[in-house]
Amino acid sequence: MINSSQHALKTLLWRDFTLAARNKSEWLNPLLFFVFAAVLFPLGIGPDTVILKQIAPGIIWVVALLAALLSLDTMFRADYEDGSLEQLTLSPYPFGMLVLGKIAVHWLLTGLPLILLSPLLATFFHLDFDATLILMQTLLLGTPVLSLVGAIGSALTVGLKRGSMLISLLVLPLYVPVLIFGANAVAASTVGLDISGHLMLIAALLALALTLAPLATAAALRASIG
Amino acid sequence: MLQTITKLASLRNFYFFCGKLLPWFAWPTLILMLVGLYWGLVEAPADYQQKDSYRIIFVHVPAAWMSLFVYMVMAVSAAASLIWKTKASEVVANSCAPIGAAFTFLALATGSLWGKPMWGTWWEWDARLTSELVLLFLYLGYMALQSAFEDKRTAARATAILAIVGVVNIPIIHYSVEWWFTLHQGPTVQVMQDKQAMDKSMLIPLMIMATAFKFYFATVLLMRSRNEILERESHTKWVQEERERL
């Protein structure tokens, strides 16, 4: 049974990656948004290096959060509309595990590229090398939380026609802790403070989200399918 | 015991049960509110430092306490409706949300009014203020989700999950905001600290007001629940009879 559920998970991941490869705009657009939106801030605020450096951690984190939010609506929608989500709930394999697989694909397509792109933004905002590394570390720990917690909001609204606006209302308050620790870790590191506490707290949030969010998402999807 | 509970869980029985309870909460609310307000606003001595403007705590502090309490009530009844699928608990959870949002808003508004003369600003990014604001957002998100569904039962299941997710998150949000504040800058506002030496002449009216708010919540909750039951069951015969009686 364990082997066959591993096989099911592999098949699901393969299918989702194939779908993503054939429908690139779904995950490329949030990434473009990530870069475009961040570029707007220097244009709006002015090219002052000192100010930009100071607000960089907060802005990059907020923009990453919004980009994650943009991609949430598509997480389950296509599967819901063509009925394959319903088939997944009927399968003999643990639904929570399959949901975790789908969330993992979502993170690999939206979270991971975001981390890889973040040095580019860090350069725009004149962050030095060490701060950039820490920014990437916090994003590495934090973006999975965004995908996991966001999945709950996505699952709750998947049955609604205009769910995308609602997702942000549901999910943004829950993103507050990640944003606080993520952005403040980078900001603290630029003034030479120890940030291991921040990183551990984000890691704790990740552990909590990893264990509870798939179950809540699975329950929410079942409720949405009805 | 179990039988009485399942009996109550039917909406019709719950409606009449709420009706019977209503006066037991409505009258104490009125009396406690009048006594508490008179004691707090007239009898209690003025603060030696803040003069009369401290008196807003007789509304502010109970409202802030209630804002979390109502969320707990909402989450517990949401959990009950997920576990036992009882319609009555769905009704209670749904009725909690606007009341809780109102208490949270009241706490924020009175705090802001007090902050202007005391701190010299309407808004301070203080840990308590911020987490109260996020709590208001949680309530509003809950209400937005609730109104997005056409089918009441689907709405109840979805919002119940959201309420439980929110309960797990409230302490996390609270502590993250608190640590963010302490990491961020030194405490600029320590006025709240001198509350620990609160005199009895102020503490007693505060407690009366807190009890009055609890009773008020129960009263409004019962009224809202009855209202929602009538709305949900409007097609049934007993509701039409009840409507004629009213």
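The values are calculated or read from the model by the stated rules, or taken from the named source; none is laboratory data. What you see is a predicted model, and the numbers here were worked out from it, not measured in a lab. So basically every Cβ, Gly included, is an ideal-geometry build from the backbone, and we count neighbours across all protein chains shown. Side chains included, ligands, DNA and RNA excluded: accessible areas come from the protein's heavy atoms. Shrake-Rupley method; radii C 1.70, N 1.55, O 1.52, S 1.80 Å.
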The condition from (1) open to solvent by 30 Å² or more (accessible area, probe 1.4 Å); (2) part of a helix (DSSP H, G or I) that residue B:114 misses is numbered (1)
Among B:66, B:74, which is the only one that is away from chain A (no Cβ under 14 Å), touching a residue at least 24 places away in the same chain (Cβ under 8 Å) and touching a Cys at 6+ places or on another chain (Cβ under 8 Å)?
-> B:74
Test residue B:204 against the stated conditions and say whether it is over 30 Å from residue B:93 (Cβ atoms) and modelled with pLDDT of 85 or more.
-> yes
Expected output for region B:81-96 (first residue farther than 14 Å from residue B:71 by Cα and open to solvent by 20 Å² or more (accessible area, probe 1.4 Å), partner in a helix (DSSP H, G or I) and modelled with pLDDT under 90, Cβ below 6 Å, 6+ apart or cross-chain) is B:86/B:9; B:87/B:11
Do we find a residue being away from chain B (no Cβ under 11 Å), small (Gly, Ala, Ser), open to solvent by less than 40 Å² (accessible area, probe 1.4 Å) and in contact (Cβ under 8 Å) with a residue 24 or more places away in the chain anywhere in region A:179-191?
-> yes
Can you tell which of A:47, A:57 is without any contact (Cβ under 8 Å) to a residue 12 or more places away in the chain and farther than 17 Å from residue A:170 by Cβ?
-> A:47
Based on what the data block shows, is residue A:152 on the phi < 0 side of the Ramachandran plot, assigned to a helix (DSSP H, G or I) and more than 9 Å from chain B (Cβ to nearest Cβ)?
-> no
Just need a number here: residues in region B:153-170 that are at pLDDT 90 or above and either facing chain A (nearest Cβ under 9 Å) or surrounded by 20 or more Cβ atoms within 10 Å (Cβ to Cβ) (or both).
-> 11
Under 9 Å between Cβ atoms, at least 6 apart or on separate chains: pull out the pairs that start in region B:139-152 with a residue that is at the interface with another protein chain (Cβ under 9 Å from one of its Cβ atoms) and end on any residue that is β-branched (Val, Ile, Thr).
-> B:141/A:171; B:142/B:159; B:145/A:157; B:145/B:159; B:148/A:157; B:149/B:159
